[in-house]
1. Taking T203 and the conditions (1) surrounded by fewer than 19 Cβ atoms within 10 Å (Cβ to Cβ); (2) farther than 21 Å from V125 by Cβ, which numbered condition does it fall short on, given that it satisfies the others?
2. Considering the stretch 267-319 alone, what residues qualify as being under 17 Å from L97 (Cα atoms), among the acidic types (D, E) and assigned to a helix (DSSP H, G or I)?
3. Can you tell me which residue within the stretch 278-319, out of those that are acidic (D, E) and modelled with pLDDT of 95 or more, is nearest to the chain's Cα centre (by Cα)?
4. In the stretch 226-247, is there at least one residue being among the β-branched types (V, I, T), touching a residue at least 60 places away in the same chain (Cβ under 8 Å), surrounded by fewer than 18 Cβ atoms within 10 Å (Cβ to Cβ) and more than 30 Å from R102 (Cβ to Cβ)?
5. Yes or no: the stretch 306-315 includes at least one residue that is of a type in the set (S, T, Y), within 24 Å of G165 (Cβ to Cβ), surrounded by fewer than 17 Cβ atoms within 10 Å (Cβ to Cβ) and out of contact with any His (no Cβ under 9 Å at 6 or more places or on another chain).
6. Do we find that L163 is buried (at least 18 other Cβ atoms within 10 Å of the Cβ) and touching a Gly at 6+ places or on another chain (Cβ under 9 Å) in this structure?
7. Go through (1) assigned by TED's automatic domain parsing to the domain that holds D200; (2) in contact with a Pro (Cβ under 9 Å, 6 or more places away or on another chain) one by one and return the number of the condition L130 breaks.
8. Given the structure, is Q210 over 20 Å from the mean Cα position of the chain (by Cα) and either among the aromatic types (F, W, Y) or at negative phi (or both)?
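The values are calculated or read from the model by the stated rules, or taken from the named source; none is laboratory data. These figures come from a predicted structure and were not determined experimentally. Glycine also receives a Cβ, built like all others from the backbone with ideal geometry; neighbour counts cover every protein chain displayed.
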Amino acid sequence: MIRVGLVGTGYAAKLRAEAVNQDDRAKLVGVAGHQPDKTAEFGHTHQTQAFNAWQELIQAVDLVIICGVNSEHSEIAESALESGRHVVVEYPLAIDLESATRVIELAHARNRLLHVEHIEILGGVHQAFLRSLSQVGTPFYARYATATPQHPAPPKWTYTRSLFGFPLVGALSRLHRLIHAFGQVESVSCQNRYWNLNADRYTGCLCKAQLQFKSGVIADVVYGKGETLWTPERKLEVQGDRGALIFDGDEGAFVNSEGVSAIEVGARRGLFTKDTSAVLDHLLNGAPLYVQPEESLYTLKVAIAAQRSAEQGQTIAIE
């Protein structure tokens, strides 16, 4: 029986709590959050203890699952690893490259599990994308766009630069999905804009990056959210010399000279349960995990290069 502690009380933490409580190999020992009332309510809902601070929580468990504020991920992970605990953390591992590298090195030194969640590559769209990619022949262009209008922008940490990180750092999965499919990146060029930026908080952002892959693929990544957007979008497309793939929401299609054919796309539900089960399988049976922290670190390296590109107005080569 693996004793599990949760840091965070948001949507991801809710799904993690449900996943742990459904698995008889683990026990949810407690939760820690920023707001005592919300933490107590979360503990009551999921039948677990509410801790006053994450520092207390990690001393009572075997496995710490971190799904709180992005800027705190690396500090909590480092402290848990120093205490001999295994760690699962939602992406990003850190909002800067140095902290992420240090945590990974510590996990190796302490021989503890460090798993950076990337459930986007477990999802139905990505799996259908990978299965269908060979149909396009040699891919040469990809575009992945996600836009989330919110009126008004919610008063959450996800709209605070120092807590969320640079848009493509906080939303690391937008880059990771393409890097998982197309490999290493040669260079990145990025533009980013915030609206109504007041000190550290904003009400809207739009970030666009172009990746030049070593394979020859050029990819545009667009991420936006907030009050200045009016139409939602979640679209992935790939162009190749023999056809194209288009995934619009949860619907997929292959297009070539013979017409359009539908692609079956699996459900999006249950991904946190799959991820949690994979972690327990690894800890108890030594089963391999679907992603390694070094892969997430590489994507973070590309995201930080995108941040530098936006700040400097230059194309940044990836060493």
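1. With (1) surrounded by fewer than 19 Cβ atoms within 10 Å (Cβ to Cβ); (2) farther than 21 Å from V125 by Cβ applied to T203, the lone miss is (1).
2. Keep residues of the stretch 267-319 that are under 17 Å from L97 (Cα atoms), which gives 292-311, 316-319.
Narrowing the set further to residues that are among the acidic types (D, E) leaves 294-295, 311, 319.
Correct list: E294, E295, E311.
3. Kept after step one, since they are acidic (D, E), are these residues of the stretch 278-319: 281, 294-295, 311, 319.
Remaining after also requiring modelled with pLDDT of 95 or more: 281, 294-295, 311.
On the way: D281: 21, E294: 14, E295: 12, E311: 23 Å.
Looking at the filtered set, the residue picked out is E295.
4. Taking the stretch 226-247 as the starting set, the residues that turn out to be among the β-branched types (V, I, T) are 228, 231, 238, 246.
If we keep only those that are touching a residue at least 60 places away in the same chain (Cβ under 8 Å) as well, we get 231, 238.
Still in the list and also surrounded by fewer than 18 Cβ atoms within 10 Å (Cβ to Cβ): 231.
Those left that are additionally more than 30 Å from R102 (Cβ to Cβ): 231.
For the stretch 226-247, residues among the β-branched types (V, I, T), touching a residue at least 60 places away in the same chain (Cβ under 8 Å), surrounded by fewer than 18 Cβ atoms within 10 Å (Cβ to Cβ) and more than 30 Å from R102 (Cβ to Cβ): present.
5. Narrowing the stretch 306-315 to residues of a type in the set (S, T, Y): 309, 315.
Now restrict to residues that are within 24 Å of G165 (Cβ to Cβ): 309, 315.
Remaining after also requiring surrounded by fewer than 17 Cβ atoms within 10 Å (Cβ to Cβ): 315.
With the extra rule that they be out of contact with any His (no Cβ under 9 Å at 6 or more places or on another chain), the set shrinks to 315.
Within the stretch 306-315, one or more residues are of a type in the set (S, T, Y), within 24 Å of G165 (Cβ to Cβ), surrounded by fewer than 17 Cβ atoms within 10 Å (Cβ to Cβ) and out of contact with any His (no Cβ under 9 Å at 6 or more places or on another chain).
6. Numbers: buried (at least 18 other Cβ atoms within 10 Å of the Cβ): yes; touching a Gly at 6+ places or on another chain (Cβ under 9 Å): yes.
So L163 passes the test.
7. All conditions pass for L130, except number (2).
8. On the way: over 20 Å from the mean Cα position of the chain (by Cα): no; either among the aromatic types (F, W, Y) or at negative phi (or both): yes.
Answer is no for this residue.
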